[in-house]
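Asker: Here's a structure for you.
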Amino acid sequence: MTADSWRNLIEHIGLLYQEYRDKSTREEIETRRLQDSQTDPEETSPSEETPSEAEPTSTTENKAPPQISLLRNSNSRFNLWQDLPEIRSSGVLSILQPDEIKLQEAMFELVTSEASYYKSLNLLVSHFMENERLKKILHPSEAHILFSNVLDVMAVSERFLLDLEQRVEENIVISDVCDIVYQHTVSHFSVYITYVSNQTYQERAYKQLLQDKPAFREVISQLELDPKCKGLSFSSFLILPFQRITRLKLLVQNILKKVEEKSDRESTALDAHKELETVVKACNEGVRKMSRTEQMISIQKKLEFKIKSVPIISHSRWLLKQGELQQMNGPKTSRTLRTKKLFREIYLFLFNDLLVICRQIPGDKYQVFDSAPRGLLRVEELEDQGQSLANVFILRLLENADDREASYMLKASSQSEMKRWMISLAPNRRTKFVSFTSRLVDCPQIQCVHPYVAQEPDELSLELADVLNILDKTDDGWIFGERLHDQERGWFPSSMGEEILNPKIRAQNLKECFRVHKSDDSQRRKLGSRNRQ
């Protein structure tokens, strides 16, 4: 492919990254829906290998999974790698095996999506950051918090894209892209950690500016209405780097699933994935660290110790869950009583290494009357003994603040709240369904069809097309799940997803997950425990 031909393709990419990301994930969902509805997923139509020229209408009218149309829009006639004129005229499609064509498409998606991402980044800088009216409104310190090191991020994306372009220009069949991903991740992608770690302050500054500066709010609204933005908000541009580094890891995973096993390309893809996973983890930790420190300081100020004081603030400590429960009053013989005075309110602060049990007192304060290391907690669910004792469980402190064993009979407001507390208090407790890391042949799975933003520390934020193993579920609409691509665990509403019913599709998802993580056997033994801490 000539350099001019490739540059012409890049210039005609009409999708901003936000549009590409939304379109590709939704088509991924539709593909999985169709596969799940097939009685035998191995008996797919040969037409699956060749994309249709028309937009897919519905899953009932198309027997082949809809192809991801990265570039289909009013400004471009290109759909996929195999739709490029150079590819069609070369005759290479009649030579390559179907699996190799799929691999070419996966690598091509990584390249073209980077071009779409760079286009959106460039718009963030040229249209918003460098706007003269906005410059006059913002103090340099405010602009720095709002845009952080986005110029460094854009420079890294440009350098990365240039190397990817050069690789595509070398040969009509792309040899590999994961070696380039690996090199850039190791050498340059640390700028993402800096940008994403600033996210908490960035969001706060943006909200404050909207509230305090009407002129800022007016200019941003006018800039958002520009046709260049295609109806997308300013905040959707600010979050681009975090979305991209996460998506890039998934794109490498997609390549890894398609390369031949025990090949050089598999080895390179595994290396690239491992480095990207390190960067993504550092990004997540950067965001959490900023918010956790402030949260711990706030909690410390609210606590008054009736017992020996325990230092709350620590660099290695963070909040897992907090909330009110009902504690049973009186001796155990009174548990059969049916009176409203049977329980009294207590308040729990559960950290990753410590439980603090309190009673709320006036002035938004909490009086601590017991505590225990998290590793010395045990829980036990009571059998249903009627309405007044529904959603009741026993919490045992093997060694409390007085260096003795203590038990509390606690009542939650709902079944889901009870289960959420029990899993948080004792993370090694067996769940209803066993994690995929146990290497079971099958396990319930769910696909995310609606994005979800976690509202509590024990919840899990979901992106479209995420696939999760179901570890537990409640009658009132909550699921405890483990995401396959990063093994993060948490609760989310069951309405956010659709169960994957085809056992062969579930088995394939597990197989692909094990392959992605096979480069680190020690890591595999730890899968599923990361989000418990």
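Asker: Does SER148 count as touching a Phe, Trp or Tyr at 6+ places or on another chain (Cβ under 7 Å), open to solvent by less than 50 Å² (accessible area, probe 1.4 Å), within 19 Å of LEU251 (Cα to Cα) and of a type in the set (S, T, N, Q)?
Answerer: No; evaluated as a whole, the condition is false for this residue.
Asker: If you don't mind, there's one more thing I want to ask. Inside region 243-270, can you point out the residues that are surrounded by fewer than 17 Cβ atoms within 10 Å (Cβ to Cβ) and either acidic (Asp, Glu) or touching a Gly at 6+ places or on another chain (Cβ under 7 Å) (or both)?
Answerer: Listed by number, the residues that qualify are GLU260, GLU261, ASP264.
Asker: Could you give me the residue pairs with C-beta distances under 9 Å whose first residue belongs to region 199-210 and is in the same structural domain as PHE234 (by the TED database), whose second residue is of a type in the set (Ser, Thr, Tyr) wherever it lies, and which are 6+ apart or on separate chains?
Answerer: GLN199/SER148; THR200/SER291; TYR201/SER148; GLN202/SER148; GLN202/TYR195; GLU203/SER235; TYR206/SER235
Asker: For region 514-530, indicate whether the set of residues that are open to solvent by 20 Å² or more (accessible area, probe 1.4 Å) and either aromatic (Phe, Trp, Tyr) or at pLDDT 90 or above (or both) is non-empty.
Answerer: Checked against the condition, which is being open to solvent by 20 Å² or more (accessible area, probe 1.4 Å) and either aromatic (Phe, Trp, Tyr) or at pLDDT 90 or above (or both), region 514-530 yields at least one hit.
Asker: Scan region 91-147 residue by residue and report those that are small (Gly, Ala, Ser) and in contact (Cβ under 8 Å) with a residue 12 or more places away in the chain.
Answerer: If the condition is that a residue be small (Gly, Ala, Ser) and in contact (Cβ under 8 Å) with a residue 12 or more places away in the chain, then ALA106, SER113, ALA115, SER116, SER120, ALA143 are the ones that fit.
Asker: Something else about it: Would a scan of region 225-244 turn up a residue that is of a type outside the set (Phe, Trp, Tyr), in contact (Cβ under 8 Å) with a residue 40 or more places away in the chain and within 19 Å of GLU105 (Cα to Cα)?
Answerer: So far as region 225-244 goes, yes, one or more of its residues are of a type outside the set (Phe, Trp, Tyr), in contact (Cβ under 8 Å) with a residue 40 or more places away in the chain and within 19 Å of GLU105 (Cα to Cα).
Asker: Can LYS119 be described as open to solvent by 40 Å² or more (accessible area, probe 1.4 Å), at pLDDT 95 or above and either touching a Cys at 6+ places or on another chain (Cβ under 9 Å) or farther than 30 Å from GLU260 by Cβ (or both)?
Answerer: no
Asker: Here is a further query. Taking region 189-240 as the region of interest, how many residues are in a loop (DSSP other than H, G, I, E, B) and under 29 Å from the mean Cα position of the chain (by Cα)?
Answerer: The total comes to 7.
Asker: How many of the residues in region 348-362 are touching a residue at least 24 places away in the same chain (Cβ under 8 Å) and either open to solvent by less than 10 Å² (accessible area, probe 1.4 Å) or not in a strand (DSSP E or B) (or both)?
Answerer: Number of matching residues: 10.
Asker: Under the condition of being touching a His at 6+ places or on another chain (Cβ under 9 Å) and under 18 Å from GLU28 (Cβ atoms), which residue from region 479-513 is modelled with the lowest pLDDT?
Answerer: The qualifying residue modelled with the lowest pLDDT is CYS513.
Asker: Right, next: Does region 135-142 contain at least one residue that is surrounded by fewer than 21 Cβ atoms within 10 Å (Cβ to Cβ), touching a Lys or Arg at 6+ places or on another chain (Cβ under 8 Å), assigned by the TED database to the domain that holds LEU225 and not charged (D, E, K, R)?
Answerer: Yes.
Asker: Let me ask something else. Considering only region 250-279, state which residues are among the hydrophobic types (A, V, I, L, M, F, W, C), under 16 Å from the mean Cα position of the chain (by Cα) and over 18 Å from VAL467 (Cα atoms).
Answerer: LEU276, VAL279
The values are calculated or read from the model by the stated rules, or taken from the named source; none is laboratory data. These figures come from a predicted structure and were not determined experimentally. Methodologically, a virtual Cβ is constructed for each residue, glycine included, from the backbone with ideal geometry; neighbour enumeration extends over all protein chains shown. Protein only, heavy atoms only, side chains kept; ligands, DNA and RNA dropped before computing areas. Shrake-Rupley method; radii C 1.70, N 1.55, O 1.52, S 1.80 Å.
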